[in-house]
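Novice: Please see the structure below; I have some questions.
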Amino acid sequence: MVVAPDAAALLDGNDLHIFQRDGMLLEIDDVAGNTGGFLRGWTVADDGTTRFQMISYGESGDGVELEIDVFGTVTPTTGSGTDLAYDFVRSSGGRILNDTGGVYRIGDDGAAVRVSTGRAFAANGSHVLARECDDARVCELVVLDLDSGERRVVPTDEVELDNLYSLDLAPDGTAVAVDRDGDDGVSGFVKEIIDFDLGVVGSMPGSPMFTSGSSWTADGGGVIGRRRGGGGLVYLDRETGTTADFGVDLFDNIVDFGVRYPDAELPPQSSDPAARAITLSEAVTVPTGLDLVVLGEGDRMAHVDLDGRTATPWSVPDLGAGFPEIHVNGPQVTVAAASTGFTSVLGEATQIDTDGTPLPGAPRFTGPLAGTVWAPTDDAAAGIDHRLVVIGQLPAIDGPELSVPNATLLGSDGDGGLLASIGGDIFAVTTKASSRLTSGELLALNGNVVLERVCPEALACAVYLVDRTTGNSTSISASPIDDAVPHRPERLVPVAGTISPDATAVVIETSDPSAATPWAVVDLRSQTVTSLPPPDLRQPMLWNELGTYLAFLSEGNLYVYDRTNARVSRVQGLGSARAIAAVGDDFVAE
């Protein structure tokens, strides 16, 4: 296990588990190759987030050096080869590499500096244990302090590297903890502390099947290892050479453990944290005009100010699994998933209890009036049968009903009505009237603008952008749009918001098998096509008023599309997200 400032990482078989500081657990399956892998250390990127380093092995035995951020993005780096395990030395807060010409220290920015002409065997913080030879091949073990430049020769009669494994250098560079073969040749490994001045100062038995992982305490006073069989831990004191067991009653089986060193320390988190910083993976020109609320896993929500680069979290009831929805009315937010919900007044970070009374069944869609949603009634199976409900209050407060028999609900029309498929045509339905959007295929929609594909009897299909208010239509011809997948009742992908407010950009899912990703945004003015990660089910596409930025969720991450630069950025420092909504000028989170 590797412990970094804002997260810890554990490699269990081929799967990597990242434990984020806010309590979130991220699992990355099959990150290690067919023959395993090793975690080797961590660094901090320019945006302040952790990057874990590991080596993954394939069937050929070649190792590949990987870098994994706390959000699960895996990036191969430059290292590869069969000897990579020996060329990549664990070091807190950085990387020490053996390569042609000597030992190199790799900084957070990727720059390499040679620190020795020899070969490194262990590293911890600024100290490196290396073997160096002169021109006559007279060799010696040395400890290098990379910060001060000090070079200390280690007596070779105290440290013989043959038959030693899992070398862990003490934080002060004056001792090393090692695993060596047992004296009888059958009892497995023995853990030893070798002081560079005093020799072996203590030992403890290892596992008969594999080396017992160890880690120095932050003060260098001793090492901690797993007990035989994995139940509990054992501490080997460097000064006295004695051992002490602990945690036996707390842990039945310990897979791995790690120690947080001073360079990985962060101030303690408050139980009611204030606004925290967030970053974007790509440079984005501000202001974006995007102001959001985000529902995370469990009981976490946050007000996300993308222009201020802050997220202000607060706690809410845990909704469990399902497809949550967020509806905003001024400073009041209602969240619903399945048949339960709650209301939160964010200015005071309090909750309004609904006394357990179920809200009408999901899904719900934004109504024509501020603070209202269309919620299905018990008779929804007979067709579209919805009631206008005031959010933030108990569902006993009834509004107008909306009913269209023999229809299939597609979602919201983005303008306060419902989208329905009736007899092969697609309609926008309100309490006042029903209007046909298209007799063809619906590709994208936003308010009064529809992107449709019409195929006459000659099967010469054409795509049109139609203004519902004026009836004017414009022929659109672009390769990704020609291959766009139409919206159907069984699809839970976003519908409303897939056209920008100025009707000059559309978000589509393409059926083109050669596309980098199935989703893309097409700028109709510049004909620029930008690939998008697939948006999450039932979550909205949120544009700013100018149509220059788009916020959406994909696989639990919040993304921002920058239309000016045709780039997609991931919001970092937020954690996993399940639902989003835009907030207005009257929303104030105190």
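The values are calculated or read from the model by the stated rules, or taken from the named source; none is laboratory data. Predicted model, so just to flag it, every value in this text is computed and none were measured. Just the protein is used for accessible areas: all its heavy atoms, side chains included, with ligands, DNA and RNA removed. Shrake-Rupley method; radii C 1.70, N 1.55, O 1.52, S 1.80 Å.
Novice: Within segment 91-98, can one find any residue that is open to solvent by less than 30 Å² (accessible area, probe 1.4 Å), in a strand (DSSP E or B) and at pLDDT 85 or above?
Specialist: no
Novice: Also: Specify the residue that is farthest from GLY497 (Cα to Cα); the eligible residues are those in segment 425-477 that are modelled with pLDDT of 85 or more and of a type in the set (Val, Ile, Thr).
Specialist: Top of the filtered list is VAL454.
Novice: Is it true that ILE481 is at pLDDT below 85 and open to solvent by less than 10 Å² (accessible area, probe 1.4 Å)?
Specialist: On the way: at pLDDT below 85: yes; open to solvent by less than 10 Å² (accessible area, probe 1.4 Å): yes.
So ILE481 fits the description; yes.
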